[in-house]
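To keep things clear, I will list the structure first and then write my remarks on it.
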Amino acid sequence: MERLFFVLSGVYGFLGVALGAFGAHGLKARLDALPDGALRASWWQTGSQYHLIHALALALAALLAARTGGSAATAAGFLFAGGVLLFSGSLYVMTLTGTRALVAVTPLGGLLLLAGWVSVTVAALGIAKG
């Protein structure tokens, strides 16, 4: 699992930087012209920030998986990967389209991210015992 999570960490990190730069530069003129442009720009900013943070969290899950081999570290990796897709992905789509249809998906992604951090804690406690 650790190899998968390291690969996902690299891919998510790359995409997080690229999408953050796109939001800061490529979307700026488009969003500035919209009445809700500032709100949509903040969605993009939040999405890319959480995207990047959790790209690093995936690397942490990979390290824990390599060290413990336990299910908590593996769960953390999958929870982070899914959480980024749902949380950041829904914010990106809402920013680009202006639709708020995915507003219920964003908190679900956030819950997955939170569950990932709980899993990291459980995995770390397992290291402390062993």
- Name every residue in the range 6-27 that is over 13 Å from the mean Cα position of the chain (by Cα) and surrounded by 14 or more Cβ atoms within 10 Å (Cβ to Cβ), in order of residue number. Phe6, Phe22, Gly23, Leu27
- Task: Specify the residue that is farthest from Leu31 (Cα to Cα); the eligible residues are those in the range 94-114 that are surrounded by 17 or more Cβ atoms within 10 Å (Cβ to Cβ), free of Cβ contacts under 8 Å to residues at least 60 places away in the same chain and more than 12 Å from the chain's Cα centre (by Cα).
- Result: Val105
- Evaluate the range 39-57: report whether one residue or more is of a type in the set (Lys, Arg) and either under 16 Å from the mean Cα position of the chain (by Cα) or surrounded by 14 or more Cβ atoms within 10 Å (Cβ to Cβ) (or both). yes
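None of the figures in this text is laboratory data; all of them are computed from the coordinates on show. Values in this document were obtained by computation on a predicted structure and should not be read as measured data. All Cβ positions, glycine included, derive from the backbone under ideal geometry; neighbour counts span all protein chains shown.
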